Amino acid sequence: MSDMDPYRVLGIDNSASDAEIKRAYRRLARQHHPDRNPGDSASEDRFKSIQSAFDEIGSPEKRQQYDEQQRFRGMGFGSGGMGMEDILRQMMGNTQFSSHPQSSQPKGIDIELGIDIDTEIAEKGGKIPFVLSRLRRCKRCEGRPSNSGLSCPVCAGRGVQRRESTVTVNIPKGVEQGHKLRLRKMGNEHPTGLPGDLTLIVRIDPGEDRRWESNRLIQTVAVPYTTLLLGGEVKLTTPTGRKIRLSIDAGSLPGDRRRIPREGIGGSPFDIELILEEPGPLSDEMYEALERLRDMGL
Ligand SMILES: [Zn+2]
């Protein structure tokens, strides 16, 4: 594991959907690709860190593992060297580490998991299936590995084993980015005690050219250089699919932002961020005009 936060390397929020991660990776990998930046060692380093960031969180399984490790690290458990199973074993043996300290019964560890939905489900609600991997009570020894006097060969004496199942969750209508859905007793099972809980954190995939920043939706809009300088108008499609025109003030800069009320997901506001449009192939005439501008000092 590298020391760099892979979310930060990819320029995305850690509440981003898996699809957003893929899009950010593709965009940055293209931008910093060695073929495009020959001999630029800074760009090459950046390309490598983008690759390793994507290795860490690019697939849902790896991302879940990374997020889990970060969560446990935040709870005061050692650094990256420790595997999830080691952490669990340590916690299983420690009944004080229970999410319900008032009850004397030991409890399995809670799970926190992101669930990706699209904007339509966020607006209208619906059922979403997902694969849940968690510790279940061992099928062979039913959590009592030493009953027979011998260690259970299935769970190696742990009393629990990791199993996957498909679970369907009901997403309520009008759900917001970052909303937490609690599914009681759907967390890791304990060899003898109660199961932990499962918390699903809703991640709404905002779609192409949009991203979340601390639960605020940002949409990038590519504007030609001349429009930034001279002012004008650009067309854009809002997150709810409405086509609108946005007037650009003369002297605008890439990175400038504007807030658009009510046109975001669920009638919330969203922010426009201006970016510079990549010009297409230039004609001879355009080259000549640009050369003239350069000669005039622009
Ligand atoms: Zn067993």
Among (1) in a strand (DSSP E or B); (2) at pLDDT 95 or above, the one test that Met186 misses: (1)
If you scan the stretch 114-125, which residues turn out to be open to solvent by less than 20 Å² (accessible area, probe 1.4 Å) and either in a helix (DSSP H, G or I) or within 12 Å of the ligand (Cβ to nearest atom) (or both)? Ala122
Is it true that Gly196 is touching a residue at least 24 places away in the same chain (Cβ under 8 Å), more than 16 Å from the ligand (Cβ to nearest atom) and open to solvent by less than 10 Å² (accessible area, probe 1.4 Å)? yes
Taking the condition of being open to solvent by less than 70 Å² (accessible area, probe 1.4 Å), among the small types (Gly, Ala, Ser) and either more than 8 Å from the ligand (Cβ to nearest atom) or in contact with a Cys (Cβ under 7 Å, 6 or more places away or on another chain) (or both), how many residues in the stretch 126-155 meet it? 3
Any idea which residue in the stretch 257-285 is surrounded by the most Cβ atoms within 10 Å (Cβ to Cβ), counting only those that are modelled with pLDDT under 95 and assigned to a helix (DSSP H, G or I)? Ile265
What pairs come up if the first residue lies in the stretch 239-253 and is closer than 21 Å to Leu228 by Cβ, the second is open to solvent by 70 Å² or more (accessible area, probe 1.4 Å), and their beta carbons are under 6 Å apart, counting only those six or more places apart or on different chains? Arg245/Glu233; Arg245/Lys235; Ser247/Glu233; Ala250/Leu230
Check whether at least one residue in the stretch 244-256 is under 23 Å from Pro281 (Cα atoms) and assigned to a loop (DSSP other than H, G, I, E, B), and report yes or no. yes
What are the pairs, 6+ residues apart or on separate chains, where a residue within the stretch 108-125 that is closer than 12 Å to Lys180 by Cβ has its Cβ under 7 Å from a residue that is open to solvent by 20 Å² or more (accessible area, probe 1.4 Å) and assigned to a loop (DSSP other than H, G, I, E, B)? Asp110/Ser99
Any hit, the stretch 38-55, residues being within 28 Å of Leu198 (Cα to Cα) and either of a type outside the set (Gly, Ala, Ser) or part of a loop (DSSP other than H, G, I, E, B) (or both): yes
Conditions: (1) in contact with a strand residue (DSSP E or B) (Cβ under 9 Å, 6 or more places away or on another chain); (2) modelled with pLDDT under 90. Met1 meets all but one. Number of the miss? (1)
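Could you check the stretch 227-262 and list, in sequence order, the residues that are β-branched (Val, Ile, Thr) and in contact with a strand residue (DSSP E or B) (Cβ under 8 Å, 6 or more places away or on another chain)?
Thr227, Val234, Thr237, Thr238, Ile244, Ile248, Ile260
Please determine whether any residue of the stretch 154-166 is over 30 Å from Arg144 (Cβ atoms) and either touching a residue at least 12 places away in the same chain (Cβ under 8 Å) or in the same structural domain as Gly267 (by TED's automatic domain parsing) (or both).
Scanning the stretch 154-166 turns up no residue that is over 30 Å from Arg144 (Cβ atoms) and either touching a residue at least 12 places away in the same chain (Cβ under 8 Å) or in the same structural domain as Gly267 (by TED's automatic domain parsing) (or both).
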Of all the residues that make up the stretch 161-178, how many are open to solvent by less than 80 Å² (accessible area, probe 1.4 Å) and more than 8 Å from the ligand (Cβ to nearest atom)? 10
Report whether or not Ser59 is over 27 Å from Gln219 (Cβ atoms) and open to solvent by 30 Å² or more (accessible area, probe 1.4 Å). no
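The values are calculated or read from the model by the stated rules, or taken from the named source; none is laboratory data. Quick caveat: nothing in here was measured; it's all calculated off a predicted structure. Using ideal geometry, Cβ is built from the backbone for each residue, glycine included, and neighbour counts are taken over all protein chains shown. Heavy atoms of the whole protein, side chains included, go into the accessibility calculation; ligands, DNA and RNA do not. Shrake-Rupley method; radii C 1.70, N 1.55, O 1.52, S 1.80 Å.
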